[in-house]
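Asks: The structure that follows is given in the form of structure tokens.
Read-outs: derived from the displayed coordinates by stated rules, not from any lab. These numbers come from a predicted model, not from an experiment. Every residue, glycine among them, receives a Cβ derived from its backbone with ideal geometry; neighbour counts consider all protein chains shown.
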Amino acid sequence: MCCRSPEGRDRLRFREIAAAARSLETAGRYVAAANAYTIALELVGEEVPRSDEAIAGRYVWLDGEQFLVEIEHAVVDTAYRLAMLSIREHP
């Protein structure tokens, strides 16, 4: 998912792009917002939302701190927003 890089860069990029997409959506720039949501979701891929397997054991505290839940929520919200924009543009 969005935390593939050990430093969490993908997670940060995901958040930045998703935030930009929400701003575009709010401004009524629906096609640009949908494109940005798509780019953000492409960072997710098919991986579990956590860091690389080699270092995942170091971050067991992620579950306790609700970070994984927060990341999953952000991905689901982004996918939902993209779906709603797609329906809006192509009813």
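Asks: By how many nm would the segment from residue 19 to residue 77 grow when fully extended, if each residue of separation counts as 0.36 nm and the alpha-carbon distance is taken off?
Replies: 19.7 nm
Asks: Continuing with this model, one more query. Assuming R0 = 22 Å, can you tell me the calculated FRET efficiency for the pair residue 70 and residue 32, based on Cβ-Cβ distance, to the nearest 0.05?
Replies: Taking R0 as 22 Å, the efficiency between residue 70 and residue 32 is 0.30.
Asks: Taking the highest mean first, how do the peptides 32-43, 13-24, 76-87 order by number of other beta carbon atoms within 10 angstrom per residue?
Replies: Ranking the peptides 32-43, 13-24, 76-87 by packing returns 32-43, 13-24, 76-87.
Asks: Using 0.36 nm times the number of residues separating residue 88 and residue 42, minus their current alpha carbon distance, what extension gain do you get?
Replies: My answer for the length gained is 14.4 nm.
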